[in-house]
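Values quoted throughout were computed directly from the atomic coordinates according to the rules given, and no laboratory measurement underlies them. Nothing here was measured: the structure is a model prediction, and the numbers come from that model. Cβ placement follows ideal geometry from the backbone for every residue including glycine, while neighbour counts extend to all protein chains displayed.
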Amino acid sequence: MTVETDSDTDVPVDVSADLPEDAEQWTAKLRHAAVEALPPQRLMPDRQPAYVASWIYVFGVLTIAALAVVILTGMVLAIFGPTWWHVSSTGLFVNSLHLWSVEVFFFAMVVHLWGKFFMAAWRGRRRATWITGVVSFVVSVGAAFTGYLSQQNFDSQWISTQAKDGINSTGAGAIFNVTNFGQMLMWHIMLLPLAVVLLVGVHVLLVRRRGVVPPFAPPDQLGKGVEIAGPEATMTLGDEP
Amino acid sequence: MQMLGAVLGNLLGSLINLNGSGHYVHWGFIQISVANLVLIGLMVVVFVAAILIPFRRHGGGDQ
């Protein structure tokens, strides 16, 4: 079989086609697996199921919007440094934006969590989506905690001295010293944000792959075979996982 | 603009006095700051409102 290729780059014109000699390469296999798991239409859909038209489905994306502000303001704080965010009025403003976007992030995430818990969002092969959400929440708590330790004020001193006994009692104090400012700052601006962003990214990709979880069926529709949700996770109203 | 900021600051300051030590609620072994309790209450209110308030929909849109 001949594959039409671009004369300049030698890459197949049809993006779904492979050159026969390349089909066994890991890049080709990975690409096929990725496109099969998340075809573009599912990755970036134009429409959502009718049941998504409820305010309770807004809080996931609100959490991500707040996370974007957290990351952006954190980057600005990292660029200009502590003397700027402690002293200048613009620095104080960006510092406050960083704090309050974290407050909005957790507020929206908790409402999102309650919503998903009470509709048992792990139904329909969505266990991994639920688990990545839970782990994101826990890691976010760590990111916020190390942020409070990085404030460089009396509040952060108080929090670190109160937290050290609890952390030390678990044994984690040997490698995670809450009174070590440099270490806490690195966790806060490097390791934990990276983990949160990666986990949230995987979480969103899983939502796209399995579809948004449908609500429970009203009692009069139980067992009537009304199918809802996406192709990977089609389920009948009232079905349990 | 500075004047407006000062007025707003004074207004908010008169509503919530953030000077001094925080207020706490004690209930058996549970101890929680009033600020956190208010925040949890707000989350419950928003959660209930998100379920009850109808979502305005544009025409079509169903899958």
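Prolate is the label for region A:58-107, because a/c, from the alpha-carbon gyration tensor with a ≥ b ≥ c as root eigenvalues, is 1.5 or above and a/b exceeds b/c.
Could you size up the charge dipole of region A:120-211 around its Cα centre, putting +1 on the beta carbon of Lys and Arg and -1 on that of Asp and Glu, and report it in debye to the nearest 20?
On the way: 8 positive and 2 negative charges, 181 e Å.
Value, rounded to 20: 860 debye.
Between helix A:59-80 and chain A there is an angle of about 50 degrees, using the helix long axis and the longest principal axis of the Cα atoms. Across peptide A:45-58, the mean count of Cβ atoms from other chains lying within 10 Å of each residue's own Cβ comes to 4. Taken over region A:120-211, the alpha-carbon convex hull comes to 108 cubic angstrom per residue.
When you restrict to C-alpha pairs under 8 Å that are six or more residues apart and normalise by the size of region A:1-126, the relative contact order lands at 21 percent. Under 5 Å between amide hydrogens, built in the peptide plane, is the criterion, and for residue A:5 it picks out A:13 among residues at least 5 positions away or on other chains. Charge dipole (Cα centre; +1 on Lys/Arg Cβ, -1 on Asp/Glu Cβ; no other charges) of region A:25-163 amounts to roughly 780 debye. Take every Cα pair under 8 Å whose residues are at least 6 apart in sequence, average their separation, divide by the length of chain A, and the relative contact order is 18 percent. Between A:213, A:58, A:87, the residue with the greatest mean-square fluctuation in the GNM of chain A (Cα pairs under 10 Å linked by springs) is A:87. What does the C-alpha gyration tensor say about the overall shape of chain B? Classify as rounded when a/c is under 1.5, otherwise prolate if a/b is larger than b/c, or oblate. Judged from the Cα gyration tensor, chain B comes out oblate (a/c at least 1.5, b/c at or above a/b). Projecting the Cα atoms of A:121, A:180, A:141 onto the charge dipole of region A:120-211, computed from C-beta unit charges around the Cα centre, puts A:121 farthest toward the positive end.
How large is the helix-only mean residue ellipticity at 222 nm for chain A, computed as the sum of -39500 (n - 2.57) over DSSP H runs with n ≥ 4, divided by its residue count, in deg cm²/dmol to the nearest 500?
On the way: 9 runs with 139 residues, N = 241.
Mean residue ellipticity, 222 nm, calculated: -19000 deg cm²/dmol.
Would you work out which of A:151, B:33, A:33 lies farthest towards the positive end of the dipole of the protein assembly as shown? Charges go on Cβ: Lys and Arg +1, Asp and Glu -1. It is B:33, whose Cα lies furthest towards the positive end.
Kirkwood Rh, chain A, all Cα pairs: how many Å?
Numbers: mean 1/r = 0.0467 Å⁻¹.
Kirkwood radius, chain A: 21.4 Å.
Can you give the charge dipole size of chain A about its Cα centre, rounded to the nearest 20 debye, using +1 on the beta carbon of Lys and Arg and -1 on the beta carbon of Asp and Glu?
Working: 14 positive and 19 negative charges, 225 e Å.
Charge dipole of chain A: 1080 debye, to the nearest 20.
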